[in-house]
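Asker: Input: one structure, supplied below.
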Amino acid sequence: MAGKRDMTTIGVLALQGDFAEHIAILQRLGAEAVSVRLPEQLDGLDGLIIPGGESTTIGRLLHQWKLLEPIRELAGDGLAVWGTCAGAILLAERAPDLDREGLKLMDIDIERNAFGRQVDSFEASLSISVLGPQPFRAVFIRAPRINSVGPEAEALARLSDGTVVAARQGKLLATAFHPELTDDERFHRYFLELSANGRTSSGRVEQATAAGEGSATRDLP
Amino acid sequence: MVRQDGNGSAPENETGSWSVKSGLAQMLKGGVIMDVVTPDQAKIAEEAGACAVMALERVPADIRADGGVARMSDPEVIGRIMETVTIPVMAKCRIGHLVEAQVLQALGVDYIDESEVLTPADERYHVHKHAFKVPFVCGCRDLGEALRRIGEGAAMIRTKGEAGTGNIVEAVRHMRNVWDGIRRLQALPEDELMAEAKELGAPYDLVRQTRELGRLPVVNFAAGGVATPADAALMMQLGADGVFVGSGIYKSEDPAARAHAIVQAVTHYQDPKIIAEVSRGLGEPMRGIDMNEIPEEELLAKRGW
């Protein structure tokens, strides 16, 4: 968790979607949370969350308010970025059914509404090793599916049938589900650690955090 | 916010749960849901940045003008709209018409609006919405009505306003009513809550929950009368989570431009400079109707019990 002296500052893209839920959890965890609707609000962030919502809507607003390039540049310089559901679609290098160009930052193929319509939305318990042994109850809403993970990225979580539903690439994180809709704060803690650590002088990302580092502290409170 | 079930005992891939039903409404927040009558309009709405569309036969202004019985839309049209867009598609059933609701669920719509805009099928009971896998949104004029609908299983609420008027006054009244009711709950001592629940005609547990949360336990949009970007931003500043718009777009001079501007105004609802910017050059808004011009028995918001 973030120390008192240098509080981790996380921006939450607040164009559309459930950004308020992310902000509430971040604040509970002692981080500073900033709503981002305009490019100048990206200054001074340690991490950025792109929330759940409607990916076509958020995609349009990213273009409209000229946020796409600044976010790409900051991510290139080592800013941690986490996309949940719609956010994950916008992070993917390959999202063929998104009708506007997204951020194209992560080496994954993602398919929108891959499980069907709302009546097919579901909850499932996932085993996610970076979060510790407790299963993570994940909420999937008109969710996307990560169809393939390129060599730059790694799968973090799968459904029981093997479908990849979370991936990481350095300090970039994509989840097809919504940790912000549950009381389980472990994914947000994990992202805060990614955001606070590992930024090197060259802006490159250290690859060490994935393999269970600090997982002993990630049990439910 | 939903409860966390961390013990792993819940079944694998559980569909139709409360988390999943109320969760979709969470995803719509900060967005604009637009009425659409045809697949072409649905395309325009998606292009303008709508976070969902509401498929219906006629926009409320036309229902109001045409009179007669307003029913669920033709499944053929709803189906074509679902094929046209990738964003969520909602559709309306009549109040209490559980078979229209079953049909809409069978069609695979993403949300059902049990709506006072259509002619009620039941003047005493609403649909028992917990029995459905598909989530419902319902209208309200005040806190008691909102909590009754949530008690029946609505996973999302919208204030009713007065649909098809292009006049924001009723939407404002209803949104202020809801928040007044919530603030009142928070000021009450605990031992007065049961009497207050009786007064509201609302389930006691939901009254308690609302008091604890300091807001409705589900997402609450504004509807009925939004005609300008400033109207939409007004409803957001009054505490709406998002906005429904229909007639206000289609009865204006340039629906696509107005739809786009309303989306921007909802995102930047706290920034008057941006609202000013996006409001420029949109052409004539919907003409609108003064409430005094509408006979009492033609008010749609009075439907719902």
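The values are calculated or read from the model by the stated rules, or taken from the named source; none is laboratory data. As the structure is a computational prediction, the values presented were derived from the model and not from experiment. Note: ideal-geometry Cβ built from the backbone for every residue, glycine included; neighbour counts use all protein chains shown. Only protein heavy atoms, including side chains, enter the accessible area calculation; ligands, DNA and RNA are left aside. Shrake-Rupley method; radii C 1.70, N 1.55, O 1.52, S 1.80 Å.
Asker: Determine whether the stretch A:35-55 contains at least one residue that is open to solvent by less than 20 Å² (accessible area, probe 1.4 Å), polar (S, T, N, Q) and under 15 Å from the mean Cα position of the chain (by Cα).
Answerer: The answer is yes; a qualifying residue exists.
Asker: For B:Ile262, are the conditions met, namely being in contact with a Lys or Arg (Cβ under 9 Å, 6 or more places away or on another chain), part of a helix (DSSP H, G or I) and not charged (D, E, K, R)?
Answerer: Against the criterion (in contact with a Lys or Arg (Cβ under 9 Å, 6 or more places away or on another chain), part of a helix (DSSP H, G or I) and not charged (D, E, K, R)), B:Ile262 does not qualify.
Asker: With B:Glu46, B:Glu76, B:Glu83, B:Glu57 as the choices, which residue is modelled with pLDDT of 95 or more and more than 14 Å from every other protein chain (Cβ to nearest Cβ)?
Answerer: Step by step, each of B:Glu46, B:Glu76, B:Glu83, B:Glu57 is checked, and only B:Glu76 is modelled with pLDDT of 95 or more and more than 14 Å from every other protein chain (Cβ to nearest Cβ).
Asker: Among the residues of the stretch A:106-124, what is the count of those that are out of contact with any Asp or Glu (no Cβ under 7 Å at 6 or more places or on another chain) and open to solvent by 10 Å² or more (accessible area, probe 1.4 Å)?
Answerer: Looking only at that region, the number is 7.
Asker: Go through the stretch A:73-97 and give me each residue that's out of contact with any strand residue (DSSP E or B) (no Cβ under 7 Å at 6 or more places or on another chain), touching a residue at least 24 places away in the same chain (Cβ under 8 Å), within 19 Å of A:Gly150 (Cα to Cα) and surrounded by fewer than 24 Cβ atoms within 10 Å (Cβ to Cβ).
Answerer: Residue satisfying the conditions is A:Gly76 alone.
Asker: Okay, next question. Pairs please, first residue from the stretch B:18-40 and at the interface with another protein chain (Cβ under 8 Å from one of its Cβ atoms), second anywhere and assigned to a helix (DSSP H, G or I), Cβ atoms under 6 Å, 6+ apart in sequence or on different chains.
Answerer: B:Gly23/A:Leu181; B:Leu24/A:Gln118; B:Gly31/A:Thr57
Asker: Oh, and also: Could you list, in sequence order, the residues of the stretch B:112-152 that are open to solvent by less than 10 Å² (accessible area, probe 1.4 Å), within 14 Å of B:Lys302 (Cα to Cα) and free of Cβ contacts under 8 Å to residues at least 40 places away in the same chain?
Answerer: B:Ser115
Asker: For the stretch B:46-105, which residues satisfy the criterion of being open to solvent by less than 20 Å² (accessible area, probe 1.4 Å) and in a loop (DSSP other than H, G, I, E, B)?
Answerer: Result: B:Gly49, B:Ala50, B:Cys51, B:Leu56, B:Val59, B:Ala70, B:Ser73, B:Val85, B:Ile87, B:Pro88, B:Ile95, B:Gly96.
Asker: So A:Glu40 clears everything in (1) closer than 22 Å to A:Arg168 by Cα; (2) charged (D, E, K, R); (3) within 14 Å of chain B (Cβ to nearest Cβ) except one condition, right? Which one?
Answerer: A:Glu40 satisfies every listed condition except (1).
Asker: I'd like to check something: does the stretch B:153-167 contain any residue that is open to solvent by 40 Å² or more (accessible area, probe 1.4 Å) and out of contact with any Cys (no Cβ under 6 Å at 6 or more places or on another chain)?
Answerer: There is no residue in the stretch B:153-167 that is open to solvent by 40 Å² or more (accessible area, probe 1.4 Å) and out of contact with any Cys (no Cβ under 6 Å at 6 or more places or on another chain).
Asker: Please go through the stretch B:279-301 and give me each residue that is touching a residue at least 60 places away in the same chain (Cβ under 8 Å) and either within 17 Å of B:Gly67 (Cα to Cα) or charged (D, E, K, R) (or both), ordered by number.
Answerer: Across the stretch B:279-301, the qualifying residues are B:Arg287, B:Ile289, B:Asp290, B:Ile294, B:Glu298, B:Leu299, B:Leu300, B:Ala301.
Asker: Let me ask you something else. Can you tell me which condition B:Ile289 does not meet? The list is (1) touching a Lys or Arg at 6+ places or on another chain (Cβ under 9 Å); (2) open to solvent by 30 Å² or more (accessible area, probe 1.4 Å); (3) in a helix (DSSP H, G or I), and all the others hold.
Answerer: Looking at each condition in turn, B:Ile289 falls short on (3).
Asker: Of the residues in the stretch B:197-206, how many are in a helix (DSSP H, G or I) and either open to solvent by 40 Å² or more (accessible area, probe 1.4 Å) or free of Cβ contacts under 8 Å to residues at least 40 places away in the same chain (or both)?
Answerer: The total comes to 5.
Asker: Also, quick follow-up: Every residue in the stretch B:207-255 that is more than 19 Å from A:Gln16 (Cα to Cα) and assigned to a helix (DSSP H, G or I), please.
Answerer: B:Val207, B:Arg208, B:Gln209, B:Thr210, B:Arg211, B:Glu212, B:Leu213, B:Ser247, B:Gly248, B:Ile249, B:Tyr250, B:Pro255
Asker: Now for a different question. How about the stretch B:96-114: which of its residues are touching a strand residue (DSSP E or B) at 6+ places or on another chain (Cβ under 6 Å) and of a type in the set (A, V, I, L, M)?
Answerer: Within the stretch B:96-114, B:Ala101, B:Leu104, B:Val109, B:Ile112 qualify.
Asker: Restricting to the stretch A:121-135, name every residue that is at the interface with another protein chain (Cβ under 10 Å from one of its Cβ atoms) and in contact with a Ser or Thr (Cβ under 8 Å, 6 or more places away or on another chain).
Answerer: Within the stretch A:121-135, A:Ser121, A:Phe122, A:Glu123, A:Ala124, A:Pro135 qualify.
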